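Beneath this line is the structure, given in C-alpha cells, with notes to follow.
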Amino acid sequence: MEQNISKPARERLIQLARLLEHIENDSCNVITSSGIQERTGWSSHTIRRDISLLNSECSTKAGYDVAALRKAICSELGITSAEKKCCIVGLGKLGSALIDINFGSSFKVVAGFDSSVNRTETLTAPFPLYSTSQMQNVIKKEGIEYAILAVPESKAQEVATKLADIGIKGIVNYSSVILSVKKEVAVENISLVDALQKLVSVTQGS
C-alpha cells in the first residue's frame with residue numbers, strides 16, 4: 001500500500017511518527033484525532049484519512065493506540081531504527097552549522113567534505129573531515145548512503161551528480177537549485193525561501 005500514499009500524506013505521517021515517539025516517551029498510551037490536531041494544526045479529517053492509508057488497525061474506543069500507530073507508520077513507510085550513515089558535503093557557514101546537529105538515533109554523520117583544505121583542517125567536528133577529492137573513496141569505504149548537500153548553488157548540480165554516481169541513495173538539498181539526478185536517487189529539497197513563501201501564502205490567504 002505504500003505506493004498509494006501521496007507525498008504530502010507521507011510527510012505528515014513521518015512527522016506524526018516523530019510526535020508519537022515523544023508522546024510515548026511521556027507515557028501517554030492513547031491519543032485522539034482531535035489531540036493530534038491540537039498538536040499539529042492538521043484537520044481531524046486529514047489525520048483520519050492519512051491513518052486510514054495504513055495497513056493496520058490502531059484505533060481503540062478511547063482513540064488511537066500510540067505505540068501501535070507509530071509501529072504501523074514505521075512499517076508502512078519503511079522507517080527502521082537501524083542506523084544509517086550520512087555525510088555533509090560543503091562546510092561553509094551552513095554546512096559547518098550542521099556539524100553539531102543531533103540527527104537522532106537512526107542517522108549518524110560519519111564524514112564531512114569540502115573543497116577548501118583550510119576548512120577541513122581548522123573546523124572541529126565529532127567526525128573526520130575530508131577534501132571533496134576523497135569523496136568516492138571515503139563514501140564507499142564507510143558505506144555512506146545519504147548526503148546532506150550544503151555547497152554553493154554554482155556547485156550543487158555538479159556535486160549532486162558526483163554523489164549519485166558514487167552510489168548515494170538520497171540527498172538532502174539545502175541549495176535553491178532544482179537538482180537533476182538519476183531516478184534511483186531520492187532528493188529532498190530544504191529551502192528556507194520556499195518555506196517563507198509558503199508561510200506568506202498561508203497567512204495572506206487566511
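Here is the figure for region 65-89: residues that are under 15 Å from VAL151 (Cα atoms) and without any contact (Cβ under 8 Å) to a residue 24 or more places away in the chain total 0.
Being among the β-branched types (Val, Ile, Thr), touching a Phe, Trp or Tyr at 6+ places or on another chain (Cβ under 7 Å), under 26 Å from LEU196 (Cβ atoms) and modelled with pLDDT of 95 or more is a condition met by no residue of region 126-134. Here LEU149 meets each of (1) open to solvent by less than 50 Å² (accessible area, probe 1.4 Å); (2) touching a Leu at 6+ places or on another chain (Cβ under 7 Å) with one exception, condition (2). The single condition among (1) assigned to a helix (DSSP H, G or I); (2) open to solvent by less than 30 Å² (accessible area, probe 1.4 Å); (3) touching a residue at least 40 places away in the same chain (Cβ under 8 Å) that ALA156 does not meet is (3). Flag not set for ALA147, criterion: in contact with a Pro (Cβ under 9 Å, 6 or more places away or on another chain), part of a strand (DSSP E or B) and in contact (Cβ under 8 Å) with a residue 24 or more places away in the chain. Exactly one residue among VAL117, VAL172, VAL151 is at pLDDT below 95 and under 15 Å from GLY90 (Cα atoms), and that residue is VAL117. Only one entry of PHE127, PHE113, PHE107 meets the criterion of being touching a strand residue (DSSP E or B) at 6+ places or on another chain (Cβ under 7 Å) and open to solvent by 60 Å² or more (accessible area, probe 1.4 Å), and that entry is PHE107.
Residues in region 80-104 that are in contact with a strand residue (DSSP E or B) (Cβ under 8 Å, 6 or more places away or on another chain) and modelled with pLDDT under 85: PHE103 only.
Got a sec? Which of ILE36, ILE79 is open to solvent by less than 20 Å² (accessible area, probe 1.4 Å) and not polar (S, T, N, Q)?
Details: ILE79 fails: open to solvent by less than 20 Å² (accessible area, probe 1.4 Å).
Testing whether each residue is open to solvent by less than 20 Å² (accessible area, probe 1.4 Å) and not polar (S, T, N, Q) leaves just ILE36.
Take the conditions (1) under 25 Å from VAL202 (Cβ atoms); (2) hydrophobic (A, V, I, L, M, F, W, C); (3) not in a helix (DSSP H, G or I); CYS28 misses just one of them, which is (1). Criterion applied to VAL177, VAL187 was being open to solvent by 30 Å² or more (accessible area, probe 1.4 Å), under 29 Å from VAL117 (Cβ atoms) and part of a loop (DSSP other than H, G, I, E, B), and the one residue passing it is VAL177.
One line per residue, one yes/no per condition, for (1) closer than 24 Å to ASN4 by Cβ; (2) in contact (Cβ under 8 Å) with a residue 40 or more places away in the chain; (3) not charged (D, E, K, R):
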residue	(1), (2), (3)
HIS22	no, no, yes
VAL30	no, no, yes
GLY35	no, no, yes
ILE47	yes, no, yes
LEU54	yes, yes, yes
LEU91	no, yes, yes
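The single condition among (1) surrounded by 12 or more Cβ atoms within 10 Å (Cβ to Cβ); (2) farther than 30 Å from GLU142 by Cα that PRO8 does not satisfy is (1).
In the condition set (1) closer than 30 Å to LEU149 by Cα; (2) surrounded by 14 or more Cβ atoms within 10 Å (Cβ to Cβ), ASN118 is compliant with all but (2).
The values are calculated or read from the model by the stated rules, or taken from the named source; none is laboratory data. Only a predicted model underlies this, so the values are computations on that prediction, with no experimental measurement involved. A quick note on method: Cβ atoms are made from the backbone with ideal geometry, for glycine too, and the neighbour counts reach across all protein chains shown. Surface accessibility is based on the protein's heavy atoms, side chains included, excluding ligands, DNA and RNA. Shrake-Rupley method; radii C 1.70, N 1.55, O 1.52, S 1.80 Å.
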